[in-house]
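A quick write-up on the structure given underneath.
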4 protein chains.
Amino acid sequence: MDIWRGFGSDNHAGVHPEVLAAIAEANVGHAHAYGDDPWTARAVRAVRAHVGDDAQVSFVFNGTGANTVGLAAVCRPWESVICAESAHIMTDECAAPEHIANVKLVPVPAPDGKLTPELVEPALTGFGFEHHSQPKVISVSNVSELGTVYTGRELRELADLAHSKGMLLHVDGARIANAAVATGGSILTLTREAGVDVLSLGGTKNGMLAGEAVVLFGSARTDDLAYVRKQSGQLSSKMRFIAAQFVAMFEGDLWRRNATNANTMARRLVEGALDKGVEIAFPVDANEVFALLPDDVIAELQDRFHFYAWEEGLAENRSLVRLVTSWDTTGVEVDDFVRAL
Amino acid sequence: MDIWRGFGSDNHAGVHPEVLAAIAEANVGHAHAYGDDPWTARAVRAVRAHVGDDAQVSFVFNGTGANTVGLAAVCRPWESVICAESAHIMTDECAAPEHIANVKLVPVPAPDGKLTPELVEPALTGFGFEHHSQPKVISVSNVSELGTVYTGRELRELADLAHSKGMLLHVDGARIANAAVATGGSILTLTREAGVDVLSLGGTKNGMLAGEAVVLFGSARTDDLAYVRKQSGQLSSKMRFIAAQFVAMFEGDLWRRNATNANTMARRLVEGALDKGVEIAFPVDANEVFALLPDDVIAELQDRFHFYAWEEGLAENRSLVRLVTSWDTTGVEVDDFVRAL
Amino acid sequence: MDIWRGFGSDNHAGVHPEVLAAIAEANVGHAHAYGDDPWTARAVRAVRAHVGDDAQVSFVFNGTGANTVGLAAVCRPWESVICAESAHIMTDECAAPEHIANVKLVPVPAPDGKLTPELVEPALTGFGFEHHSQPKVISVSNVSELGTVYTGRELRELADLAHSKGMLLHVDGARIANAAVATGGSILTLTREAGVDVLSLGGTKNGMLAGEAVVLFGSARTDDLAYVRKQSGQLSSKMRFIAAQFVAMFEGDLWRRNATNANTMARRLVEGALDKGVEIAFPVDANEVFALLPDDVIAELQDRFHFYAWEEGLAENRSLVRLVTSWDTTGVEVDDFVRAL
Amino acid sequence: MDIWRGFGSDNHAGVHPEVLAAIAEANVGHAHAYGDDPWTARAVRAVRAHVGDDAQVSFVFNGTGANTVGLAAVCRPWESVICAESAHIMTDECAAPEHIANVKLVPVPAPDGKLTPELVEPALTGFGFEHHSQPKVISVSNVSELGTVYTGRELRELADLAHSKGMLLHVDGARIANAAVATGGSILTLTREAGVDVLSLGGTKNGMLAGEAVVLFGSARTDDLAYVRKQSGQLSSKMRFIAAQFVAMFEGDLWRRNATNANTMARRLVEGALDKGVEIAFPVDANEVFALLPDDVIAELQDRFHFYAWEEGLAENRSLVRLVTSWDTTGVEVDDFVRAL
């Protein structure tokens, strides 16, 4: 089999060896199913060290699962979720939020992928009006889908706005580790301390095999979560093997090491590209680089480096491409790419 | 950590070493996400060797996922699924079939867990009558929830009944490997050759970490499946690691070796128990033993052997317990249990 | 156009002249839409005189609407409703409870159409168990689908059982007026005073054009009701014309006069039929008569009297038929039918 | 009771006397329920005279019902509906399209309430991509929510675009009669002849008590419609009384007389307002006038004329108000209002 590496997605990277070792280590004897096992208890403790001791932590299989379970736990079918037009929940989950989580999505234009109170406020209408779906959640992706990162302060402003309306703030944190590293802070700073109520805590993109966590804070915590997770098909029977991955990732600093590598490599790629005169479309805060490349070189580069075109024909003879670095991206690969530009 | 083993569930057993090795082997370089990778292609081929070359095979995370995705792919919201009162989809999936797959369930009493045409027929009413949900699927579990197994001929009778009404036959095959071994046949005999239209092909209970397959046959095959799977939150991003498990299980005969061990150990347990005068409640066709034990010994036995009470106070001073053997159950464990009786 | 009358259904009867007059009377000037009008306020008062001053009353279009809105207002998607196998919500609403109200239905055999604590209790399992849909509502039809009537005491026993489990009691009262007349009591006796939490209060079958009410009692009352009703498509824009019908029906005693006629005519029909040696299948408590008629006379009788066969071939050469009397059934019609027997 | 009239909504007007007479006329003898009666057959014929003899016509209670039933009949849960940001289905149906019809809505900015191919095309992406909800329907309101009207040619362009992508065109025709009159044409011109596939045919706003029709054209016709309507709670039991209203409206030209009056009065209002120097915000094609009025006169005018503020503070010291004329609006009322300006 042909072995290759590239900049297509952090989902293209494999499993970090320490994660695989933790799975193997958990593979001893029997364990109670569905999370009633010591690995799950340990993984919850490990995650709580990063989100607060009183957070409700529940493991699921994947990102769509985390988003739908988290939103369904706090919304009723006549409530709506305000999100960016480019939000993963709006464009890349095949209407799972609408049909599995039973929420209405209200998309808002967000030029650089990030919501602000100013962008959100026009959508906060119709409270108490039975004809209108009731705004209940502001949802942001951190890292955003355009590679930009919200600071704790920016999140706090959105949380304050949400709370002032009796609403909640949800963070799709598929790349929350990259955001935490990018802001020089911690996951805690970008979640609990910023007033976040519901978090989809990503693991898969940062070096796990499969696994995300739904984290509920404060008044968003609810016993309903268990039923929502089960009904949504997101309750793993042999949970210890999801949990073991979180132990490997969050008991020590593997989450940070992996994200730091990805972010550092993205920075290196940007600097190299800028040296070559390439235009970068959005601030590269974390591990995603959106660049405008000449149309006549894209195909050849893709053959070698496996990245995706994002939007064609944006500027004359140039298209927007997305380059994603991963926990396993090396400087050699980045330098090869820059040379190839 | 205390290491123990028992008869609580085949979900309590860990991952077979060959499965874990296959995961590790797949962990090299990058791979396209969401199933567009060589491991997935290879796993589909491996599964097709057991269900027919033209079957549509799609991998999901867990059993509830397989059942809901399979049923949603072939049903509309006004269609219903006839199942046994004891069916996993009726009692153990927290209404996921109703709310994620959007089907109505119509339960039918089935004393030994198995449906027959006679049991099903009274529920096949209201065709063409707009007030009545339209019967569309007969769903059976093979192995059934009471440990009994359908033969190919029994399935064929149900398939013929279904097809005569324009309906489909679904098999919840969380333990289809055990059923295949039990009937001395193959998975093909119990699915395609028996007229089955939709199969939830189990992997997890038979020694995998996490992974099941939705298999659609003949006219049930549909391009809609991809959207259903994604929307249901059952599309794994790093699919190669689900696929690698299926490669390990179905390219060779690991599926059969594991199920054979489980079934053999159940037989050994039954024979030992019968020698001790224990009453067995249902035919032990595969790897589940339902036994009536004296109430005053159950707690002590559970402490040592980790099994579940199923229904209390069924007979005077006795209760029904469920004992499940697994791919890793040993003769020593079974003999210990029998001695302890 | 051929004008006929018969015993097919109380839905076959037309609109009582007083109801039509009330609609015409409300047709003056403009009125605010969606219930913010004086007729609606007056109709709510009129209904409250029969269900208690603090009941929450909300008008909808039809019976399926009332049942789904009422159940959706008090249930979450992982909660279930225990009902009789023969319940209208189970057999005659095309899975609207499952897909519009988002509840799971758990049917229970009920030989004469009525639930009892003994019949319901086996279904009250799995509380707190995340795999199992959580029992939340016991739902009965009064009058039942087999023409039998629950007394206040029978309802109280079911309500006590429900409340002891943290559950609610729902009454599908499409024919609650007939039940109230049958028990010599009032609607209040069969609802609030019996511990009922959610009522579908029927109007259409008792002489209205179209209109039912959802009534919530005590802790079941909720501001969510407005959103549920709107989302379910059950909010009438020109609400005054639904409301006017309730004014006509419940400000005076029209509801009682209509139901009394229907019940009296059913009694007359039963007595006549018994005289002719016809076997009556269930106690005729209200306005539905289930009778076993010889197969060779049914078709001829149906031609003249427009009733439905209910179940064929129940006894040798006889089938079960349903005869329904209405607010407009006359003694002459009944006597004609009896003579024709 | 205080009798008033105003410009709040065509839902504030009552029932046209000819409609009420038709209801009374249908109130004779018994009739089969659920549409199996001669009035319904006659009403279907009457409607088909305006939409084509082979159109599938099905009556429902209200506008939300018509939209959800029509969309559910032609969409699967992973399909999406492109609509204007201001569309009634997006803003005024409390997420019924998402949760009752199971579609995803993708809103598109439309400055004057009308979609064009240019506005729609950017949303037509992701075909065949399992992560993306599949675009299936373009939905427009005619009359639009801002009072503008699509011509047959404009609809044809949208239909051609839809069909070129394998999609359908839906028209929310709550005010289709007003649109037909406005374009000097017929309902046929604005529906079947323009390539429309799914129509919500309005009746209530144009002088009926309650009633709309779902109309499916060509390949959109489907036997599923009956189940969708029943499950959605939109099947009236005493259907003859919905049908009789359609007979009154569409056998003759009542639909046209009513809409003509409303449109004419709106034109008169506009001309009067323009004379007074009032700025009109959108082209007044039918019976809705959006005007910018000084903030300090609005409350006083509302007291007398019962209209709604639409958006506040749009221009300095002025707000946008909506004035709607109805089938029963008189020239005297309009002139009074203009004088009061």
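The values are calculated or read from the model by the stated rules, or taken from the named source; none is laboratory data. Keep in mind that this is a model prediction, so the values were computed, not measured. As a convention, Cβ positions derive from the backbone with ideal geometry for all residues, glycine included, and neighbour counts pool all protein chains shown. Accessible surface areas use protein heavy atoms only, side chains included; no ligands, DNA or RNA. Shrake-Rupley method; radii C 1.70, N 1.55, O 1.52, S 1.80 Å.
With respect to (1) surrounded by fewer than 19 Cβ atoms within 10 Å (Cβ to Cβ); (2) within 30 Å of A:A101 (Cα to Cα), the lone exception for B:A299 is condition (2). Report, by residue number, each residue of region B:50-79 that is surrounded by 24 or more Cβ atoms within 10 Å (Cβ to Cβ), free of Cβ contacts under 8 Å to residues at least 60 places away in the same chain and within 14 Å of chain D (Cβ to nearest Cβ). Matches in region B:50-79: B:P77, B:W78.
Looking only at region A:235-245, decide whether some residue is open to solvent by 10 Å² or more (accessible area, probe 1.4 Å) and in contact with a strand residue (DSSP E or B) (Cβ under 6 Å, 6 or more places away or on another chain). The answer is no; no qualifying residue exists. Mind listing whichever residues of region C:123-161 are in contact with a Pro (Cβ under 8 Å, 6 or more places away or on another chain), among the small types (G, A, S) and under 30 Å from C:G8 (Cα atoms)? Of everything in region C:123-161, just one residue is in contact with a Pro (Cβ under 8 Å, 6 or more places away or on another chain), among the small types (G, A, S) and under 30 Å from C:G8 (Cα atoms), namely C:G147. When each of A:E157, A:E193 is tested for being closer than 23 Å to A:D53 by Cβ, touching a residue at least 12 places away in the same chain (Cβ under 8 Å) and open to solvent by 20 Å² or more (accessible area, probe 1.4 Å), the lone residue that passes is A:E193. Within region A:160-169, being out of contact with any strand residue (DSSP E or B) (no Cβ under 7 Å at 6 or more places or on another chain) and either buried (at least 22 other Cβ atoms within 10 Å of the Cβ) or among the polar types (S, T, N, Q) (or both) holds for one residue alone: A:S164. When region A:298-323 is filtered for residues that are in contact with a helix residue (DSSP H, G or I) (Cβ under 9 Å, 6 or more places away or on another chain) and within 21 Å of A:V334 (Cα to Cα), the ones remaining, listed by number, are A:E300, A:L301, A:R304, A:F305, A:F307, A:Y308, A:A309, A:S319, A:V321, A:L323. Among the residues of region D:302-319, those that are open to solvent by 50 Å² or more (accessible area, probe 1.4 Å), of a type outside the set (S, T, N, Q) and not in a helix (DSSP H, G or I) comprise D:Y308, D:W310, D:E311, D:E312, D:G313, D:L314, D:E316, D:R318. Filtering D:S219, D:S200 for residues that are open to solvent by less than 10 Å² (accessible area, probe 1.4 Å), closer than 18 Å to D:I138 by Cα and touching a strand residue (DSSP E or B) at 6+ places or on another chain (Cβ under 9 Å) leaves a single hit, D:S200. Residues of region D:112-122 that are hydrophobic (A, V, I, L, M, F, W, C) and either crowded, with 24+ Cβ neighbours inside 10 Å or within 17 Å of the chain's Cα centre (by Cα) (or both): D:L115, D:V120. Annotation for region A:252-271: at least one member residue is open to solvent by 10 Å² or more (accessible area, probe 1.4 Å) and more than 23 Å from the chain's Cα centre (by Cα).
May I ask you to verify whether D:T125 is among the hydroxyl-bearing types (S, T, Y) and surrounded by fewer than 21 Cβ atoms within 10 Å (Cβ to Cβ)? For D:T125, the condition - among the hydroxyl-bearing types (S, T, Y) and surrounded by fewer than 21 Cβ atoms within 10 Å (Cβ to Cβ) - is met.
Within region C:1-22, the set of residues being in a helix (DSSP H, G or I), more than 7 Å from chain D (Cβ to nearest Cβ) and either among the polar types (S, T, N, Q) or in contact (Cβ under 8 Å) with a residue 24 or more places away in the chain (or both) comprises C:E18, C:V19, C:A21, C:A22. Checked against the criterion of being in the same structural domain as B:A66 (by TED's automatic domain parsing) and closer than 20 Å to B:M249 by Cβ, the candidates B:L161, B:L169, B:L188 yield just one match: B:L188.
For the condition away from chain B (no Cβ under 14 Å), in a helix (DSSP H, G or I) and at pLDDT 95 or above, D:S200 does not qualify.
If you filter region D:222-234 down to residues that are of a type in the set (A, V, I, L, M, F, W, C) and surrounded by fewer than 24 Cβ atoms within 10 Å (Cβ to Cβ), you find that the one that is nearest to the chain's Cα centre (by Cα) is D:L225.
When region C:3-40 is filtered for residues that are within 16 Å of D:I3 (Cα to Cα) and open to solvent by 20 Å² or more (accessible area, probe 1.4 Å), the ones remaining, listed by number, are C:A24, C:E25, C:N27, C:V28, C:H32, C:D36, C:P38, C:W39.
Read through the list (1) under 26 Å from D:N206 (Cβ atoms); (2) in contact with a strand residue (DSSP E or B) (Cβ under 7 Å, 6 or more places away or on another chain); (3) among the polar types (S, T, N, Q), then give the number of the only condition that D:N317 fails. D:N317 satisfies every listed condition except (1).
Matching residues to (1) under 26 Å from C:A96 (Cα atoms); (2) part of a helix (DSSP H, G or I); (3) in contact (Cβ under 8 Å) with a residue 24 or more places away in the chain; (4) touching a Cys at 6+ places or on another chain (Cβ under 9 Å):
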site	(1), (2), (3), (4)
D:A110	no, no, yes, yes
D:E118	no, yes, no, no
D:P122	no, yes, no, no
D:V140	no, no, yes, yes
D:T148	no, no, yes, no
D:A162	no, yes, yes, no
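Checked against the criterion of being surrounded by 18 or more Cβ atoms within 10 Å (Cβ to Cβ) and at pLDDT 95 or above, region B:272-279 contains one or more residues that satisfy it. Taken over region A:222-232, the criterion of being touching a strand residue (DSSP E or B) at 6+ places or on another chain (Cβ under 8 Å) and not polar (S, T, N, Q) is satisfied by A:L225, A:A226, A:Y227, A:R229.
The sole residue among A:R268, A:R322 that is among the charged types (D, E, K, R) and part of a helix (DSSP H, G or I) is A:R268. Taking the condition at pLDDT 95 or above, open to solvent by 10 Å² or more (accessible area, probe 1.4 Å) and in contact with an Asp or Glu (Cβ under 9 Å, 6 or more places away or on another chain), does A:K104 pass? Criteria not met by A:K104.
Assigned to a helix (DSSP H, G or I), open to solvent by 20 Å² or more (accessible area, probe 1.4 Å) and of a type in the set (A, V, I, L, M) - does that describe any residue in region D:170-184? Looking for residues that are assigned to a helix (DSSP H, G or I), open to solvent by 20 Å² or more (accessible area, probe 1.4 Å) and of a type in the set (A, V, I, L, M), one finds at least one in region D:170-184, hence yes. Looking across A:E93, A:E130, one residue alone is more than 24 Å from C:H131 (Cβ to Cβ), part of a loop (DSSP other than H, G, I, E, B), touching a Lys or Arg at 6+ places or on another chain (Cβ under 7 Å) and facing another protein chain (nearest Cβ under 8 Å). It is A:E130.
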